[in-house]
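*Asks:* Take this structure, written in structure tokens, and hold onto it; I'll ask about it next.
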Amino acid sequence: MHLLIMGAPGSGKGTCAVELKNHYSIPHISTGDIFRKAISDKTTTGLLAQSYIDKGQLVPDEITNQIVKERLSEKDCQKGFLLDGFPRNLEQAKALSNILNELNIKLDAAINLEIEDKIVEERIVNRRICSKCGRGYNIISLKPKIEGICDVCGGSLYQRKDDTKETIEERLHIYNNQTKPIITYYNELGILVSVNSNQTPQKVIEDIINQVNSNDNI
Ligand code: ADP
Ligand code: ZN
């Protein structure tokens with residue numbers, strides 16, 4: 001199963017991704033995670049990406065497209081993947097179509113998480129992430145049993161450096177102006193799966209799996 005998931009920052013992509021990757025036994029490829037790893041490893045790409053990420057801006061397309069191309073060319077992606085955080089604009093969407101053509105891979109579904117900006121802002125400032133397994137928590141609506149500790153794996157929870165009120169506005173602005181147009185792109189390709197993300201994570205995942213499985217193109 002070759003899938004991609006899109007949605008505003010804080011729409012719950014990360015939470016769904018962990019579940020979907022387990023459900024379909026496919027690698028989870030998050031461009032945000034790849035950049036955060038590059039930053040902590042202090043690679044050339046990491047240093048370049050950091051200046052954009054800290055401001056809530058997009059990393060330039062040439063860098064991002066290249067990273068995705070390299071990752072999707074790895075062997076484990078032939079049988080499936082869940083792409084998360086890419087594409088984020090029309091140029092990237094077209095680049096992805098070219099990459100997949102070259103690799104002879106057909107995208108099965110583009111999952112779109114629908115949510116209002118107001119809800120997303122509140123979610124992001126209260127978001128905490130497990131440093132070990134990547135699960136997302138919310139200190140108000142989805143509290144861990146023990147403060148600062150992941151319920152599932154015991155890893156410590158952290159707050160992302162770009163999850164601040166100032167950066168969120170810029171990220172939402174970019175999402176609404178640059179990322180939203182790609183919803184039409186995938187709708188026209190006939191593989192769009194739109195799900196209401198203002199529900200419990202369990203319900204969102206259930207809706208996604210039901211719709212992906214009933215999609216005629218698969
Ligand atoms: P979120 O969806 O919550 O904003 P991500 O982890 O997907 O978080 O991305 C974090 C940051 O990494 C983005 O704000 C952006 O700076 C950079 N980034 C991630 N994916 C891309 C991409 N496809 N193109 C450009 N920049 C990206
Ligand atoms: Zn964990």
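The values are calculated or read from the model by the stated rules, or taken from the named source; none is laboratory data. Predicted, not measured: the structure shown is a model, and the values here were computed from it. Methodologically, a virtual Cβ is constructed for each residue, glycine included, from the backbone with ideal geometry; neighbour enumeration extends over all protein chains shown.
*Asks:* Hey, any hits in the range 125-139 for a residue that's touching a residue at least 12 places away in the same chain (Cβ under 8 Å) and over 20 Å from the mean Cα position of the chain (by Cα)?
*Replies:* Within the range 125-139 (the criterion being touching a residue at least 12 places away in the same chain (Cβ under 8 Å) and over 20 Å from the mean Cα position of the chain (by Cα)), the answer is yes, since at least one residue qualifies.
*Asks:* Are there helices (runs of 4 or more DSSP H) fully within the range 2-98 with at least 3 residues that are surrounded by fewer than 20 Cβ atoms within 10 Å (Cβ to Cβ) and of a type in the set (S, T, N, Q)? List them.
*Replies:* 44-55
*Asks:* If you don't mind, there's one more thing I want to ask. Would you call Ser40 among the hydroxyl-bearing types (Ser, Thr, Tyr), modelled with pLDDT under 95, within 24 Å of Asp162 (Cα to Cα) and near ligand 1 (Cβ under 10 Å from one of its atoms)?
*Replies:* Considered against the rule, which asks whether it is among the hydroxyl-bearing types (Ser, Thr, Tyr), modelled with pLDDT under 95, within 24 Å of Asp162 (Cα to Cα) and near ligand 1 (Cβ under 10 Å from one of its atoms), Ser40 comes out as no.
*Asks:* If you don't mind, another one. If you go through the range 186-194 one residue at a time, do you hit one that is over 19 Å from Phe86 (Cα atoms), loosely packed, with under 12 Cβ neighbours inside 10 Å, without any contact (Cβ under 8 Å) to a residue 12 or more places away in the chain and out of contact with any His (no Cβ under 7 Å at 6 or more places or on another chain)?
*Replies:* The answer is no, given that none of the residues of the range 186-194 is over 19 Å from Phe86 (Cα atoms), loosely packed, with under 12 Cβ neighbours inside 10 Å, without any contact (Cβ under 8 Å) to a residue 12 or more places away in the chain and out of contact with any His (no Cβ under 7 Å at 6 or more places or on another chain).
*Asks:* What residue, among those in the range 140-171 that are more than 21 Å from Lys37 (Cβ to Cβ) and in contact with a Ser or Thr (Cβ under 9 Å, 6 or more places away or on another chain), is farthest from ligand 2 (Cβ to nearest atom)?
*Replies:* Filtering the range 140-171 for residues that are more than 21 Å from Lys37 (Cβ to Cβ) and in contact with a Ser or Thr (Cβ under 9 Å, 6 or more places away or on another chain), the one farthest from ligand 2 (Cβ to nearest atom) comes out as Leu142.
*Asks:* Every residue in the range 161-192 that is closer than 23 Å to Ser40 by Cα and among the β-branched types (Val, Ile, Thr), please.
*Replies:* Thr164, Thr167, Ile168
Quick grid of which residues meet (1) of a type in the set (Val, Ile, Thr); (2) within 19 Å of Ala110 (Cβ to Cβ):
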residue: Leu3; (1), (2): no, yes
residue: Ala8; (1), (2): no, yes
residue: Thr15; (1), (2): yes, yes
residue: Glu19; (1), (2): no, yes
residue: Asp33; (1), (2): no, no
residue: Arg36; (1), (2): no, no
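*Asks:* Select the helices (runs of 4 or more DSSP H) contained entirely in the range 107-195, then report the ones holding at least 3 residues which are over 15 Å from Ser11 (Cα atoms), modelled with pLDDT of 95 or more and not β-branched (Val, Ile, Thr).
*Replies:* It comes to 181-188.
*Asks:* Then there is this: Can you say whether Glu116 is under 28 Å from Pro181 (Cα atoms), exposed (fewer than 14 other Cβ atoms within 10 Å of the Cβ) and in contact (Cβ under 8 Å) with a residue 40 or more places away in the chain, as far as the supplied structure shows?
*Replies:* Yes; evaluated as a whole, the condition is true for this residue.
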